[in-house]
Amino acid sequence: MKRIHWLNLFAVLVISLITAVRPALADGIIIVDPPPEIPIVHLDEALTIKYHHVEVTIEDQVATTYVDQVFVNENDWVAEGIYVFPLPRGAAVSDFVMWVDGKPITGEILKASEARQIYDDIVSSLRDPALLEYVGRDMVKASVFPIEPGNERRIELRYEQLLPRDNGLVHYVYPLSTERFSARPLEDASVHIKIDSREPIKAVYSPSHDVYVERPNDFEAVVSWESSNTLPDKDFELYYSVSSDQISANLLSFKESDDDGFFLLLLAPDVEVNRDELVTKDVIIVLDVSGSMQGRKLVQAKEAARYVLGHLNSRDRFGLVSFSTGTHQYQQGLAPASDADDAMRFVEGLEALGGTNIDQALQEALGMADSDTPTTLIFVTDGLATEGEVVTTEILSNVDAEIGPNTRVFSFGVGDDVDTILLDGLSVEHGGTSAYVRPGQRIDDIVSTFYSKVTTPVLSEVQVEFLGVSIGQVFPQSYPDLFAGSQMVIVGRYRDGGPATVRLTGTVNGKAREFEFDDLTFKSTGGKDFIPRLWAGRAIGHYLTQIRLHGENDEWVEAIIDLSIRYGIITPYTSFLIDEDDILSAGSRESLVEETSQNLQYDLQAPSYGSEAVEKAANIGGLRDMEAPAELPMVAEGIGGGVIPVQQVMKYVGSKTFIMRDGVWIDTLYDPDSMQLVPIEFMSQNYLDLASDLGSFFALGPRIIVVRDGAAYETVDEKVAPVQLPTPDVSETPAVVEPTPQPTPQQTTELEPDQVASPVPTSTDSSDPGGNGINFCTGALALPATLLVMATVFAATRPNYKI
């Protein structure tokens, strides 16, 4: 039975989520009609896309998109065919040109009904269903004049569209993922979006790509993304909100049939803040100057400290503690921001010498903290405690005894010799984050990037209440302070759709503030299908963190297994998803339970320091704090050292996960013990009819098992009798272009713990910060019994567990 080394696989997954450039967005495609002697059987076997550039301007909800792309014929035969560009819904083309020998050739615009016939013809002739996901779209079509070997075709396209607004969020999509049909990766790809608005722009959020956002002022935003040598596999999406309120709240949600729903709440304040609205804060820097910091590390740590001191607000105060065998303070107690220049000279004189007395340094820093003022404690170290108290649990206990509720701890571990349990324990338990500076990375870059985001708090001691809707399993578990020009991303589950109110409370310089947002609506069906996987990733990161910090808990393990299988998020517990031949049979499940338990015990006993421990801590933190759904890694390393192409055995489509077994893509919701397969003949009329509803799933390939509304459909090659198909279920509710009046919020409904059951923990015990006392039915994350690899065992003692 093959196994993957989970650490390597998990590292690839989350590092790709944090640092790697995400897949390129899409453009049009040239469908080649090759000479008879050239058997083209897949759309990705013909031409290469050399580059594409996309420039977008959005002015008051009207987007103009300009696309520039070049195709290259790298074959030794002449290529010709047709060019198709599936248009976004509601787009109006203002300019389209294909350049042939310096002369422009124009194309034609086809409505969805005409375009459908072309898609069907291409799919049927090539027996390649890859284009089926575009069924229902309008199309730009042009004939491709012969392209000689080595020649290029440049295409320029411009279109306009009025962007829809949903719950106050304007949504832009550069639709299509057609460039995955390129014969090789793109050399150059870029997207540049400039947003101008007469109302202040608040949230700017991409669930699909790792974008860079510039905010020159309240009325402008610039969003950039670029990549090289990459192939795309999904649409480029961007959301933004506009509001004249000081803080905006915007909601996205997703719900399938009778299952519980998922929501994403964005809270975003102004970029430019009135000085009277600034929260006065204290910043305490705790800097390791032990002997191991000698050289480049100390130089960079000093630069990081200087950056923080140089970016204090005028009413801020600061403290500075350096430590090695002993400690040294800049001055006793906190100093005003006006003393920052003098403190920089103190920093410049620091030398690296001696051991590492972490406990004493933290105690002195916490002794400076003022219980009436929000405090940011920045802790930078490169090693294990070697002086004073050296037991990690005791150091954490000492911090717990001294720290106030207004202090947030942000830990930065430099190198691979840091105690990851200590750093994560300090930050996770005290409202901050931990970051790891790996060999080759710069300390000052990472610390300054962090501090630039938290330099201007506008609301502290944040609390969020939901009125009119029953919610649960919310992440993050405790809310950070809200900072100017940033945004807070909150995800969770909800019971029933409908109008609701969100109440945001906090303090500004000791004075209580309250904001209410009563124009939010949780969808009763449909919505944004990326939200469940984002929620699942955060939930898994939370439970993995709890296991690392507090030890194994059956409910946490059960939750990780359930979520990993349903949403295809690979973890130390579920690496078997990739290469296990059989995850459906009872015998295989029993074997996997035993092996996973043994691996878990070994993992919990492993050292909390070293490269593997640091990598694991960084990866789990990436899941815990993720703001966009996890991506599958391109490859993973197996135990034998072989490379496994993950995307050949697992794929995400919408909210579904598919695994490849024996040439068939299988929906992880499929339960062979309780579901009867409905055979659908590949390329039959039934098949093409179902493509209107299931085209994005059929696009995976000719052999697929997909579950819709409790029925399991299997595409087969042999002749089968036609079946009566149910009325298609529209899973995506169209967003409105203009806001519509909302009904009066309904009364909040409290759930009793025994009303429904959940595979995720609901304990409110202090050892489980994730507990909120609300149980939820498994809903969209419910797994068929045959896929509950470990949950079956752990749920055996829970009679109300619902599958």
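Can you find even one residue in region 161-183 that is touching a Phe, Trp or Tyr at 6+ places or on another chain (Cβ under 6 Å), of a type in the set (Val, Ile, Thr) and surrounded by fewer than 22 Cβ atoms within 10 Å (Cβ to Cβ)?
Scanning region 161-183 turns up no residue that is touching a Phe, Trp or Tyr at 6+ places or on another chain (Cβ under 6 Å), of a type in the set (Val, Ile, Thr) and surrounded by fewer than 22 Cβ atoms within 10 Å (Cβ to Cβ).
Among the residues in region 221-237, are any over 19 Å from the mean Cα position of the chain (by Cα), over 25 Å from residue 526 (Cα atoms), at pLDDT 90 or above and open to solvent by less than 50 Å² (accessible area, probe 1.4 Å)?
So far as region 221-237 goes, yes, one or more of its residues are over 19 Å from the mean Cα position of the chain (by Cα), over 25 Å from residue 526 (Cα atoms), at pLDDT 90 or above and open to solvent by less than 50 Å² (accessible area, probe 1.4 Å).
Considering (1) without any contact (Cβ under 8 Å) to a residue 60 or more places away in the chain; (2) open to solvent by 70 Å² or more (accessible area, probe 1.4 Å), say which one residue 119 fails and leave the rest.
(2)
Look through 106, 64 and report the one residue that is out of contact with any helix residue (DSSP H, G or I) (no Cβ under 7 Å at 6 or more places or on another chain), open to solvent by less than 70 Å² (accessible area, probe 1.4 Å) and among the β-branched types (Val, Ile, Thr).
Going through 106, 64 in turn, just one is out of contact with any helix residue (DSSP H, G or I) (no Cβ under 7 Å at 6 or more places or on another chain), open to solvent by less than 70 Å² (accessible area, probe 1.4 Å) and among the β-branched types (Val, Ile, Thr): 64.
For residue 538, indicate whether it is closer than 25 Å to residue 248 by Cβ, among the charged types (D, E, K, R) and modelled with pLDDT of 95 or more.
Yes, satisfied.
Take region 551-571 and flag every residue that is hydrophobic (A, V, I, L, M, F, W, C), part of a helix (DSSP H, G or I) and closer than 17 Å to residue 535 by Cβ.
Across region 551-571, the qualifying residues are 556, 559, 560, 561, 563, 565.
Working carefully through the options 702, 672, find the one that is modelled with pLDDT of 90 or more and assigned to a loop (DSSP other than H, G, I, E, B).
After applying the criteria, what remains is 702.
Look through region 373-425, keep the residues that are without any contact (Cβ under 8 Å) to a residue 24 or more places away in the chain and small (Gly, Ala, Ser), and return whichever of them is nearest to residue 542 (Cα to Cα).
Ranking the candidates gives 397 first.
In the set 345, 317, which member is surrounded by fewer than 20 Cβ atoms within 10 Å (Cβ to Cβ) and free of Cβ contacts under 8 Å to residues at least 60 places away in the same chain?
Within the list 345, 317, the selection yields 345.
Go through region 527-542 and give me each residue that's open to solvent by less than 10 Å² (accessible area, probe 1.4 Å) and either among the acidic types (Asp, Glu) or farther than 30 Å from residue 235 by Cα (or both).
Answer for region 527-542, where residues must be open to solvent by less than 10 Å² (accessible area, probe 1.4 Å) and either among the acidic types (Asp, Glu) or farther than 30 Å from residue 235 by Cα (or both): there is none.
Out of the residues in region 67-92 meeting the condition of being open to solvent by 30 Å² or more (accessible area, probe 1.4 Å) and either among the charged types (D, E, K, R) or under 19 Å from residue 191 (Cβ atoms) (or both), tell me which one is modelled with the lowest pLDDT.
Residue satisfying both the conditions and the ranking: 89.
Applying the selection to region 130-152, what residues are in a strand (DSSP E or B) and more than 36 Å from the chain's Cα centre (by Cα)?
142, 143, 144, 145, 146, 147, 152
Please find, among 140, 100, the residue that is modelled with pLDDT of 85 or more and open to solvent by less than 70 Å² (accessible area, probe 1.4 Å).
Testing whether each residue is modelled with pLDDT of 85 or more and open to solvent by less than 70 Å² (accessible area, probe 1.4 Å) leaves just 140.
Mind checking whether some residue in region 406-414 is touching a Lys or Arg at 6+ places or on another chain (Cβ under 9 Å) and crowded, with 18+ Cβ neighbours inside 10 Å?
yes
The values are calculated or read from the model by the stated rules, or taken from the named source; none is laboratory data. Quantities reported herein were computed from a predicted structural model and do not represent experimental measurements. Virtual Cβ from ideal backbone geometry, glycine too; neighbours counted across all protein chains shown. Surface areas here come from the heavy atoms of the whole protein model, side chains and all, with no ligands, DNA or RNA. Shrake-Rupley method; radii C 1.70, N 1.55, O 1.52, S 1.80 Å.
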